[in-house]
Amino acid sequence: MKRIAVIGGDGIGPEVVREGVRALEWFRARRGVELELWHLDLGAERYLRDGTTFPEAVRDAIAKDCAAVLLGALGDARVPGFEHARDILFGMRMGFDLYANVRPVRALSDQVVPLRGRTARDVDFVVFRENTEGLYAGVGGQLRRGTSDEIAINEDINTRKGVERIVRAAFAFARRTGRSRVLMSDKSNAMRHAHELWQRVFHEVRCGYPEIEARHLYIDALCLELVRNPGQFQVIVTNNLFGDIVTDLGAALQGGLGVAASVSYNADLPERVKLFEPVHGSAPNLAGTGLANPVATLLCVSMLFEELGFGAASRELYHAIEGTVAAGETTPDLGGPLGTVAVTDAVLARLLPACEPRSTKNSA
Ligand code: NAD
Ligand code: IPM
Ligand code: MN
């Protein structure tokens, strides 16, 4: 029995996570996927109500008892300092040392690819984003705040251990999944201290993977190439901030933020809890409209099944999502006429024929 913590969060988070839960429950009821769901009331509402962000007891229970967390999104205009979100989100990513933020960029159908002359075959790569350090480490401060002499600093923290393990995780993933190319992206021409470390580590690690073509591009050039010819990429490894930015660009290539999923894990500790979350945020402009695309969250559920050892369920759900998108049964962000719930209905309806007990009327 796998225990899964469920956190809707803010804005459209609870709306899309509700659909993810429907998929989880569907597979539990009809495919015997053994799951236990633990619904957690965390997010801006809770924070504004009683000041709770990410209690230690919850953190410890997730670390000890849960195989996965399904998180919607965090971010609410009523908490402009983002403090609840940082506690919860970074409390898991960094607190559980989930150093690999793995974001597949894969188009579900030709129609969703926005580039002229490109099809879904041209958009199929995976970004390994470092998830625990870099400019997200929170090292820095402000001096003489509010004066004309103000100074604001965020340090870019790059440790040998941190860089090496994410680069290694990217190569190991490429080898394990039969991919033949890994690209590392940095800005070592400008950030000569921090990113020169990435250069050296990349060179060292690649020597252990002679069958894999290793390539480097500066992050600005990578952005250009991703739009010009995305088909050249299979695995991209980069730091925390560049990984954040480049996966929004990747989301655009695959049809938008409504269809971009991610998992964060510790590649050295396979038993450690894994965090599944769409790449998108709380989308306040969509919250409450019933039009948020649930596909990113449904893809998270498919990834969750894969990572937790339910490979058949993962593939079955993926193909149902793919069929639904290809049929144009989508929310407006993908050009379709449906709402959040109806898209999930369409996905689940695609699963049904294969599993409902067949009518016995005309048999025998
Ligand atoms: P966003 O991802 O919430 O929205 C960007 C655009 O994408 C908007 O036009 C939105 O309508 C659209 N979009 C996003 N998800 C969609 C979906 N499922 N279906 C259809 N369209 C979708 O980014 P933002 O507006 O920059 O941020 C809003 C808030 O979310 C901020 O507080 C931000 O900090 C937070 N955020 C949180 C996370 C997270 O929790 N992992 C990720 C990104 C942003
Ligand atoms: C993401 C988000 C977060 C990040 C924000 C909300 C801190 O943009 O998950 O992509 O930058 O990691
Ligand atoms: Mn982001």
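The values are calculated or read from the model by the stated rules, or taken from the named source; none is laboratory data. As the structure is a prediction and not an experimental result, all values here were calculated from the model. Cβ coordinates were reconstructed from backbone atoms using ideal geometry, including for glycine residues, and neighbour counts include every protein chain displayed. The protein model used for the area step is the full one, side chains on, heavy atoms only, and it has no ligands, DNA or RNA in it. Shrake-Rupley method; radii C 1.70, N 1.55, O 1.52, S 1.80 Å.
Quick rundown of the values:
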quantity: Label-to-label distance, nm, for residues given as residue 61 and residue 38 (7 Å Cα→Cβ offset); calculated: 0.6
quantity: The chain: antiparallel DSSP beta bridges as a percent of all, rounded to 5; calculated: 40
quantity: Additional length obtainable on full extension of the chain from residue 249 to residue 52, 0.36 nm per residue less Cα span; calculated: 67.6 nm
quantity: Degrees between helix 240-253 axis and first principal axis of the chain (Cα, 0 to 90, nearest 10); calculated: 40
quantity: Whole-Å semi-axes of the chain's equivalent ellipsoid (Cα gyration tensor); calculated: 33, 26, 21
quantity: Degrees separating the helix 13-31 axis from the principal Cα axis of the chain, which is the longest one; calculated: 50
quantity: Extension gain, residue 148 back to residue 181 (0.36 nm per residue minus Cα-Cα distance, nm); calculated: 7.0 nm
quantity: Cα-projected label distance for residue 30 with residue 268, points at 7 Å along beta-carbon direction, nm; calculated: 4.2
quantity: For peptides 64-75, 114-125, sequence by mean Cβ density within 10 Å, most packed first; calculated: 64-75, 114-125
quantity: Peptides 84-92, 23-31 ordered by average Cβ neighbours within 10 Å, highest first; calculated: 84-92, 23-31
quantity: Relative contact order [Cα under 8 Å, 6+ residues apart], the chain, whole percent; calculated: 21
quantity: Restraint check, 2/161; 187/274; 64/161, Cα-Cα greater than 27 Å; calculated: 2/161; 187/274
quantity: Cα-based radius of gyration of region 261-355 once divided by 2.2 N^0.38 Å, which approximates compact folds; calculated: 1.16
quantity: Ranked by how many other beta carbons lie within 10 Å on average, peptides 177-185, 293-301 from highest; calculated: 293-301, 177-185
quantity: Acute angle (nearest 10 degrees) that the helix 340-351 long axis makes with the longest principal axis of the chain, alpha-carbon atoms; calculated: 60
quantity: Heavy-atom accessible surface of the chain: percent carbon and sulfur, 1.4 Å; calculated: 51
quantity: Global form of region 1-141, assessed from the alpha-carbon gyration tensor, a/c cut-off 1.5; calculated: oblate
